[in-house]
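A short reminder: the numbers here are calculations on the coordinates, not readings from a lab. This is a predicted model, so every value here is computed, not measured. Positions of Cβ are backbone-derived with ideal geometry, glycine not excepted, and every protein chain shown enters the neighbour counts.
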Amino acid sequence: MNSRHQVELNDGHFIPVLGFGTCVTEEFFKKKSMDSTKLAIDAGFCHIDCFHLYQNEEEIGQAIRSKIEDGTVKREDIFYTSKLWSTFRRPELVRASLENSLKKLGLDYVDLYLIHFPVSLKPGDELYPTDEHGKLILDTVDLCATWEAMEKCKDAGLAKSIGVSNFNRRQLEMILNKPGLKYKPVCNQVDETTPVLLDDPVLCTTAKKYKRTPALIALRYQLQCGVVVLAKSFNEEIKENTQVFDFQLTSEDMKILDSLDRNCQFFTALMFSEHPNFPFSDDY
């Protein structure tokens, strides 16, 4: 991995700035996610992002191990991110959840473990537990207590780094100001369900100028903003995404792309809106 293509986290570990997202929802795509992960590693991706909710950790683990076994990469070349789902937010469940993911993956540790969402749900086997009326069954768990359990996972060597996802400023400060804080979150990963912008005239004009695809321009823009980016694909476009390091946008073009800002929260997760820890009621 080229050192220019990774950034240092606040705990001294390094994260590749371009990652491969493996989010799938359909059963059909489970095997496809394994094949695409192999393609991604062959194309040069070494940052793989997945977790329990996607229900494809076994397939992703098989892909990673196969690429280690055939000599394409070593385990230390791979940066793997997993996440703690909301039904495992109680402190006594955190380590067991991570160990279950590691068992499915066939790995000894993850490079980054995140609290996926500040909202907690009723513990159990259901990903989205509901009552007889189909309403989500919420749970109340202290975010700081969950974070202390995350710290123990890092101390145990099960996770190299720990962080959060979809937290707002107030929730981040709650952890950062926690008495006895041992490790700060290394990141706040943000999920986005964005409108289709790849047909935007401004983006397409910029793509023509650089003789690149609109998707590559969008990725390059985010990298130059200092954002670690996750790209998802299930086909040969995977290899194309690694070309994001082959060019650079001018400051003038960066300003033009800044104008596409919609100034809104794309990922709303309104099904969790009744929970007291719902993050999007506050300003980020």
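How large is ³J(HN,Hα) for each residue in the range 141-156, as worked out from phi by the Karplus curve 6.51 cos²θ - 1.76 cosθ + 1.60 (θ = phi - 60°), to whole Hz, x for Gly and Pro?
Each residue of the range 141-156 in turn: 9, 5, 4, 5, 5, 4, 5, 4, 5, 5, 4, 5, 5, 5, 4, 7 Hz.
Of Lys38/Lys184; Lys152/Lys178; Lys32/Lys232; Lys208/Lys255, which pairs sit farther than 22 Å apart, going by alpha carbon to alpha carbon? All intermediate terms of the calculation are to be shown ahead of the outcome.
Numbers: Lys38/Lys184 33 Å; Lys152/Lys178 15 Å; Lys32/Lys232 12 Å; Lys208/Lys255 17 Å.
Check vs 22 Å cut-off fails for Lys38/Lys184.
State whether the range 3-193 is rounded, prolate or oblate according to the following rule on the C-alpha gyration tensor (a ≥ b ≥ c being the square roots of its eigenvalues): a/c under 1.5 gives rounded; otherwise a/b larger than b/c gives prolate, and the remaining case gives oblate.
Taking the square roots of the gyration eigenvalues as a ≥ b ≥ c, the range 3-193 is oblate.
Determine the percent antiparallel among the DSSP beta bridges restricted to the chain, to the nearest 5.
Values: 6 of 25 bridges.
So the antiparallel bridges amount to about 25 percent of the total.
Using a Förster distance of 45 angstrom, determine the FRET efficiency expected from the C-beta separation of Glu76 and Glu274, and round it to 0.05.
Values: r = 43 Å, r/R0 = 0.97.
Approximately 0.55, to the nearest 0.05.
Any idea how far apart Glu69 and Lys103 come out in nm if each label point goes 7 Å out from Cα toward Cβ?
2.1 nm
Rounded, prolate or oblate for the range 6-96? Axes are the square roots of the Cα gyration tensor eigenvalues, ordered a ≥ b ≥ c, and the cut-off for rounded is a/c under 1.5.
Working: a/c = 1.89, a/b = 1.12, b/c = 1.69.
Here the range 6-96 falls in the oblate category.
Highest mean first, how do 146-156, 114-124, 251-261, 78-88 rank when packing is the count of other Cβ atoms within 10 Å averaged over residues?
Those peptides, ordered most packed to least, come out 78-88, 114-124, 146-156, 251-261.
Charges on Cβ only, +1 for Lys and Arg, -1 for Asp and Glu, centred on the Cα centroid of the range 3-193; of Leu9, His47, Tyr128, which one is farthest towards the dipole's positive end?
Comparing the listed Cα positions along the dipole, Leu9 ranks first.
Once amide H atoms are placed 1.01 Å from N in the peptide plane, what residues at a sequence separation of 5 or more from Val186, or on another chain, have their amide H within under 5 Å of its amide H?
Ile162, Gly163, Val164
If Lys and Arg each add +1 and Asp and Glu each add -1, what is the summed charge of the other residues whose beta carbon sits under 12 Å from the beta carbon of His52?
On the way: positive: Lys83, Lys103, Lys104; negative: Glu57, Glu58, Glu99, Asp125.
The answer is -1.
So, in nm, how far is label Cys23 from label Asp282 when the simple model puts each one 7 Å beyond its Cα toward the Cβ?
2.3 nm
For Lys239, which aspartates and glutamates qualify as cross-link partners when the Cα separation must be under 12 Å and same-chain residues fewer than eight apart are set aside?
Asp42
Exceeding 19 Å between C-alpha atoms, which entries from my cross-link table qualify? They are Lys83/Lys160; Lys103/Lys182; Lys160/Lys182; Lys67/Lys104; Lys122/Lys182. List each step's numbers first, then the result.
On the way: Lys83/Lys160 13 Å; Lys103/Lys182 27 Å; Lys160/Lys182 14 Å; Lys67/Lys104 17 Å; Lys122/Lys182 28 Å.
Where the Cα-Cα span goes over 19 Å, the pairs concerned are Lys103/Lys182; Lys122/Lys182.
Given a 10 angstrom Cα cut-off, can you work out which residue in Gly19, Gly226, Gly44 is the most mobile in a GNM of the chain?
In the Gaussian network model the winner is Gly226.
Checking the a/c ratio against 1.5 first, then a/b against b/c, what shape does the Cα gyration tensor give for the range 115-217? Write down the numbers at each step before the final one.
On the way: a/c = 2.80, a/b = 1.59, b/c = 1.76.
Since a/c reaches 1.5 but b/c is at least a/b, the shape of the range 115-217 is classed as oblate.
Taking the Cα centre of the chain as the origin, how large is its charge dipole in debye, to the nearest 20, when only Lys and Arg (+1) and Asp and Glu (-1) carry charge on their Cβ atoms? Working shown, then result.
Values: 34 positive and 43 negative charges, 106 e Å.
Dipole about the Cα centre, nearest 20: 500 debye.
Pull up all non-local amide H partners of Val110: gap of 5 or more, or a different chain, and H-to-H distance under 5 Å with H placed in the peptide plane.
When sequence neighbours closer than 5 places are left aside, the close amide H contacts are Ala159, Lys160.
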